[in-house]
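Notes follow once the structure below has been shown.
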Amino acid sequence: MQRFDNIFIQEWYVTLSKWQKELVRTSVELYAREERMKSEFDDYSFIVFPMAKAYEGFLKKYLFEIGFISETMYRSKHFRIGRALNPDLSPNRQDEEWVYGRLRETCGEEVGRLIWNTWLECRNQVFHYFPDNQKKLTLLEAGQRLEMMVGAMESATNCANA
């Protein structure tokens with residue numbers, strides 16, 4: 001667990017809800033446990049799932065707090081982060097729920113892409129089933145996904161504070 005010890009004092013973590021903190025801790029503890037036990041699972045995606053859920057919640061709250069989405073969108077069961085942050089969304093579908101353009105203008109292309117790529121690699125591609133593309137994660141890759149989410153939340157928080 002040493003690999004992730006310092007995240008529990010980082011600003012982005014402190015702002016999470018109690019439930020989101022527990023999700024992050026669950027992923028970190030699962031990772032540490034599997035690293036210790038040297039299990040030989042075929043897929044370690046289960047380590048990423050809890051933190052990916054916390055990342056989704058972080059992003060919704062973040063977009064609300066910086067004024068990119070309304071409270072109605074924040075609380076909506078229909079608002080989709082994947083659509084809102086997709087930089088490749090066709091221009092005719094870029095409505096008030098599409099926030100990537102504003103995110104890029106506010107935080108820069110690098111941070112915008114980091115937030116989007118993290119969503120894509122750590123949540124979307126891990127959660128969904130693709131018949132012709134079995135997205136299995138090794139333990140090392142699961143740890144890298146956790147680090148990626150930490151980096152994205154840290155970058156987003158730094159942008160909001162700038």
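The values are calculated or read from the model by the stated rules, or taken from the named source; none is laboratory data. All values reported here derive from a predicted model rather than from experimental measurement. Cβ: placed from backbone, ideal geometry, glycine included. Neighbour counts: every protein chain shown.
Remarks
- Residues of the range 10-52 that are aliphatic (A, V, I, L, M) and more than 16 Å from residue 151 (Cβ to Cβ): 14, 23, 30, 32, 37, 47.
- The range 86-121 - residue that is outside any loop (DSSP other than H, G, I, E, B) and among the aromatic types (Phe, Trp, Tyr) and, of those, nearest to the chain's Cα centre (by Cα): 119
Residue-wise test of (1) outside any helix (DSSP H, G or I); (2) farther than 17 Å from residue 114 by Cα; (3) under 16 Å from the mean Cα position of the chain (by Cα); (4) not hydrophobic (A, V, I, L, M, F, W, C).
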position: 49; (1), (2), (3), (4): no, yes, yes, no
position: 59; (1), (2), (3), (4): no, no, yes, no
position: 69; (1), (2), (3), (4): yes, yes, no, no
position: 82; (1), (2), (3), (4): no, no, yes, yes
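- Where a residue in the range 45-68 is free of Cβ contacts under 8 Å to residues at least 12 places away in the same chain and its partner, wherever it lies, is among the aromatic types (Phe, Trp, Tyr), with Cβ under 6 Å and at least six apart: 64/74
- Comparison of 28, 14 shows that the only residue that is among the aliphatic types (A, V, I, L, M), over 16 Å from residue 118 (Cβ atoms) and surrounded by fewer than 14 Cβ atoms within 10 Å (Cβ to Cβ) is 14.
- Single residue of the range 71-80 satisfying the filter (assigned to a helix (DSSP H, G or I) and of a type outside the set (S, T, N, Q)) that is farthest from the chain's Cα centre (by Cα): 71
- Cβ-Cβ contacts under 6 Å between residues 6 or more apart (or on different chains), taken from a first residue in the range 135-150 that is more than 13 Å from residue 46 (Cβ to Cβ) to a second residue that is crowded, with 17+ Cβ neighbours inside 10 Å and polar (S, T, N, Q), are listed as 148/118; 149/118.
- Restricted to the range 64-74, and to residues there that are among the aromatic types (Phe, Trp, Tyr) and closer than 16 Å to residue 107 by Cα, the residue that is surrounded by the fewest Cβ atoms within 10 Å (Cβ to Cβ) is 64.
- Odd one out for residue 120, checked against (1) more than 18 Å from residue 26 (Cα to Cα); (2) buried (at least 22 other Cβ atoms within 10 Å of the Cβ): (2)
- Within the option set 9, 81, being closer than 15 Å to residue 156 by Cβ, modelled with pLDDT under 95 and of a type in the set (Val, Ile, Thr) holds for one residue only, 81.
- Criterion applied to 53, 77, 38, 61 was being surrounded by fewer than 20 Cβ atoms within 10 Å (Cβ to Cβ), charged (D, E, K, R) and closer than 23 Å to residue 110 by Cβ, and the one residue passing it is 61.
- Flag if residue 157 is closer than 18 Å to residue 6 by Cβ, in a helix (DSSP H, G or I) and out of contact with any Leu (no Cβ under 8 Å at 6 or more places or on another chain): yes
- When residues of the range 142-162 are limited to those that are modelled with pLDDT of 90 or more and over 15 Å from the mean Cα position of the chain (by Cα), the one nearest to residue 81 (Cα to Cα): 159
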